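**Q** Below is the structure I would like to discuss, written out as structure tokens.
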Amino acid sequence: RKWVNLYPIFVLSADIREQLPEDARSFATADELFRNLMRVAQPHSNVIELLCTPVIIDSLQRSDDLEGLLQQIEDILVACEKALTEYLETKRKIFPRFYFVSDNVLLEI
């Protein structure tokens, strides 16, 4: 869910990519990992078989396990979310009227 929420912000918004370049690169890494994971998982119809065997990790040619990969993606997304929140907070300090605007609306502005 975090990936779905952050994707349009970090990929489609040029302003955010300019303001938060390091976090945009981190999100691009998480995006690539997630898309590769989904590409490998998509042809398999048996979820149990997919999760209980090393099919995904072997296909992705990674040394860590699936839980480690998912945790890595989660950590990156949490860091991106935190950086975005801090960025919006700085905008609110400059323009106090933005304190009454939700994050989603503020991103549209």
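**Q** Using beta carbons and a limit of 7 Å, which pairs, at least six apart or on different chains, have the first residue in region 87-99 and open to solvent by 70 Å² or more (accessible area, probe 1.4 Å) and the second one in a helix (DSSP H, G or I) and of a type in the set (Lys, Arg)?
**A** If the second residue must be in a helix (DSSP H, G or I) and of a type in the set (Lys, Arg), the pairs left are 99/92.
**Q** Oh, and also: Scan region 70-77 and give yes if some residue there is over 17 Å from residue 31 (Cβ atoms) and either of a type outside the set (Val, Ile, Thr) or modelled with pLDDT of 85 or more (or both), otherwise no.
**A** no
The values are calculated or read from the model by the stated rules, or taken from the named source; none is laboratory data. What you see is a predicted model, and the numbers here were worked out from it, not measured in a lab. Here Cβ is always computed from backbone atoms with ideal geometry, including for glycine, and neighbour counts include all displayed protein chains. These area figures cover heavy atoms from the full protein model, side chains too; ligands, DNA and RNA do not enter into them. Shrake-Rupley method; radii C 1.70, N 1.55, O 1.52, S 1.80 Å.
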